[in-house]
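The values are calculated or read from the model by the stated rules, or taken from the named source; none is laboratory data. Values in this document were obtained by computation on a predicted structure and should not be read as measured data. With ideal geometry, Cβ positions are generated from the backbone for all residues, glycine too; neighbour counts draw on all protein chains shown.
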Amino acid sequence: MDIHQKGKQVIMRKRESDSLGNAGSESFVVATSKSIRIMLVDDHRVVRSGLRAFLSVFEEFILVGEAANGREALAVCLACKPDVILMDLQMPEMNGAEATREIRRLCPHVQVVVLTSFREEAMVEEALKAGAIGYLLKDVTADELADAIRAAMAGKPTLSPEATQALINVSMHPTLDGRDLTAREMDVLHLMVAGDSNPEIAKKLVISLSTVKFHVSSILSKLSAESRTEAVSTALTQKLVHG
């Protein structure tokens, strides 16, 4: 944004910190009527640090909050009232898709742009179904990310080429009765039917608890189930697995 642009200006107090909840040095930033309030959600501190540096280059972007997982993101979003959230997907406590769904329910005016390393079709589909307006990979350029933030603020979607291809693949190969479950989702579903809890599934499949939660959420979505119990019942009824 041209620094000579006219617009209503207000002084905002900004507290910088290395991590959520830690006190840091105070500084003042100038926000205009064109400013976009941004929140970062990523469990990797180094990623958040890099994104802070990126945001500082653009005068129109104001960093108002950070969170290290989806559950923290809900509380920080309600407190900081961002315009746009840059959201990671694989995080502890609550994954990005679940957090996006809750944020869009509680704060429908807030736009979420997913920024992740994952390009799998299931993850793209789940994030967009949750209400994300954008899906970008972390190798995106600074200009592309800046444009995606501006587009989100204007209510316009932005998808990486990989995300677009994933949606095309899904639309070209529709499946019924949950037959589009991935191999890993089938592994999780088998253990769900066996009555295993999420921690037990994580231990047996040697994956993180947050990854298990993501797969369970995706399974429920694909089976159009409202609960874990309904998903198990559907799986048995449709003979996706054998009890």
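Brief remarks on what is shown
- Any hit, region 223-230, residues being of a type in the set (V, I, T) and either closer than 21 Å to L89 by Cα or modelled with pLDDT of 90 or more (or both): no
- Residue in region 207-226 that is surrounded by 17 or more Cβ atoms within 10 Å (Cβ to Cβ), closer than 30 Å to G50 by Cα and assigned by TED's automatic domain parsing to the domain that holds E93 present: no
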